[in-house]
Amino acid sequence: MRQAAELAAAEINAKGGVKGRPLRLRVADDSGREDTAVRVAEDLYREPDLVAVVGHLTSGTTIAAARVYGGGASPVPMISPSASSPDLSGINPYFFRVCPTDLSHGPELARFARQSLGAKRAGILYINNDYGRGIRKTFAAEFTRLGGVIVEADPYVPATPSLEPYLSHMRLGGADVLVLATERPGAELALRELQALGLRWPVIGGDALTGIEADGPLAAGVHVSSAYLPDRPDERNRDFVAAYARAYQGQRPDHRGAGAYDIVRLLARAIQAGGPDRQAIRDYLVKVGRGRPAFDGVTGAIAFEGGGGGGGR
């Protein structure tokens, strides 16, 4: 997210900035913790020159921060590239996002499991936060509707030392697909223990597993739901991927980075139209795709719905 946002800002500034002034990024780290996200949001809210926020990354931290940004006499518009919890929809009129919600990821994974993999009995491992619970709930609902059976759905926390007991119990229950509603560290732990147990289930997971292909043989056969692929063939995305690789030594962006890149460019357009004013930026964003043309980004056409409070694609 940070690298792609910095790339977007550098490109904008190289062309003269916004209304003749350079666009400046203020980078903050919420450490993936909700209490830290609140403190970060409070600090950013108080900065008079700060006009919008790109983020946060995870659903839990975004929910916590959105309550800060959306309050007081001068709310801050925020656009997340990756916070997918349905609970964010309607959280405040200044919140937007450019990613699908768990209401999209979970059911799509369920349809893939039933219709493409032919799975009948699913085991679910989910990280016990807003993201994991969201994927688990929406997958289970659609998988069951399609005639599948949820053998077991087990939560874990990052400090959980082993997932082997859950996997062994799922084997006894006859699972024929494993859903990892997890972040990458948890998925990698599960995959190592699957190998140790000699289990060769098909494995599917949400967009938090993006990049797991870098694990090589460990990740072989894992299917991931993602709203963005760096090999998307249109010219705008090809240019972005090439510029990203030049800036960051051959690296490829993921959905979080691509979303952040689009958000910075969209915010620059909003500032160009209405000036560096929080209310004016929010008023501009509300009309994107609703009276104002959709924004053509590297992730596709961006249009917000619902009058703010959790815009969608």
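Quick note: the coordinates plus some simple rules give every number you see, no bench work behind them. Predicted, not measured: the structure shown is a model, and the values here were computed from it. Cβ: placed from backbone, ideal geometry, glycine included. Neighbour counts: every protein chain shown.
Among DSSP beta bridges whose residues both lie in the chain, state the antiparallel percentage, nearest 5.
The antiparallel fraction comes to roughly 15 percent.
Would you mind computing, in nm to one decimal, how far apart the modelled labels at Ser168 and Asp283 are, each placed 7 Å from Cα along Cα→Cβ?
A separation of 6.4 nm, rounded to one decimal place.
By per-residue mean of other Cβ atoms within 10 Å, what is the highest-first order of 239-251, 281-293?
Output ranking for 239-251, 281-293: 281-293, 239-251.
Under unit Cβ charges (Lys, Arg +1; Asp, Glu -1), what dipole magnitude, rounded to 20 debye, does the chain have relative to its Cα centre?
It works out to roughly 700 debye.
Given R₀ = 30 Å, what would the calculated FRET efficiency be for Asp231 paired with Glu305, taking r from the Cβ atoms and rounding to 0.05?
It comes out at approximately 0.60.
Could you list Val177, Val40 so that the one with the fewest beta carbons within 10 Å of its beta carbon is first and the one with the most is last?
Val40, Val177
Any idea which of His56, Ala260, Ala196 is furthest toward the positive side of the dipole for the chain, if Lys and Arg beta-carbons carry +1 and Asp and Glu beta-carbons -1?
Positive-end residue among those listed: Ala260.
Excluding same-chain residues fewer than 8 positions from Lys15, which aspartates and glutamates have a Cα within less than 17 Å of its Cα?
Glu6, Asp239, Asp262
Could you please state, rounded to a whole Å, how far the C-alpha centre of segment 49-80 is from the C-alpha centre of segment 162-200?
If we compute the Cα centre of each part, the gap is 36 Å.
Taking the Cβ of each residue in Met78, Met1 as the centre, tally the other Cβ atoms inside 10 Å and list the residues starting with the fewest. Before the final figure, lay out each step's value.
Details: Met78 27, Met1 22.
Result, fewest neighbours first: Met1, Met78.
Suppose R0 equals 35 Å; then what is the FRET efficiency for Asp49 and Val149 from their Cβ-Cβ distance, rounded to the nearest 0.05? Kindly include the intermediate steps, with their values, before the conclusion.
Working: r = 55 Å, r/R0 = 1.58.
Efficiency computed from Cβ-Cβ geometry: 0.05.
Can you return the lysines within cross-link range of Lys120? Criterion is Cα-Cα under 27 Å, with same-chain partners fewer than 8 residues away left out.
Lys137
Beta carbons within 10 angstrom, averaged per residue: use that to sort the peptides 70-77, 96-103, highest first.
My ranking of the peptides, most packed first, is 96-103, 70-77.
In what order do Thr210, Thr299 fall by count of nearby beta-carbon atoms within 10 Å, going from fewest to most?
The fewest-first ordering by Cβ neighbours comes to Thr210, Thr299.
Over the chain, what lengths in whole Å, largest first, do the semi-axes of the equivalent ellipsoid take, defined as the square roots of 5 times the eigenvalues of the alpha-carbon gyration tensor?
Values for the chain, descending: 36, 20, 18 Å.
Would you mind checking segment 225-244 for residues with the amide N under 19 Å from a putative spin-label position 7 Å along Cα→C-beta of Lys15?
Within reach of a label on Lys15: 234-244.
Once the Cβ-Cβ distance between Arg200 and Arg252 is put in as r, and R0 is 35 Å, what FRET efficiency do you end up with, to the nearest 0.05?
Given R0 = 35 Å and the Cβ-Cβ separation, E is 0.75.
Give the relative contact order (percent, whole number) for segment 192-313; include only Cα pairs under 8 Å separated by 6+ residues. If you can, show how the numbers build up before the last one.
Details: 127 pairs, mean separation 19.3, N = 122.
That works out to 16 percent.
With N residues in segment 103-224, what two-decimal value do you get for its Cα radius of gyration over 2.2 N^0.38 Å?
Taking N as the residue count of segment 103-224, the ratio is 0.93.
Could you calculate the contour length gain from Ala141 to Ser74, that is, 0.36 nm times the residue separation minus the distance between their Cα atoms, to one decimal place in nm?
Details: separation 67, 0.36 × 67 = 24.12 nm, distance 3.97 nm.
Result for the pair: 20.1 nm of gain on full extension.
Would you calculate, for the chain, the mean residue ellipticity at 222 nm contributed by helices, counting each DSSP H stretch of 4 or more residues as -39,500 (n - 2.57) and dividing by all residues, to the nearest 500?
Only helices count here, giving -13000 deg cm²/dmol.
Once Lys and Arg get +1 and Asp and Glu get -1 on their Cβ, which of Pro293, Ala219, Asn128 lies farthest toward the positive end of the dipole of the chain?
Pro293
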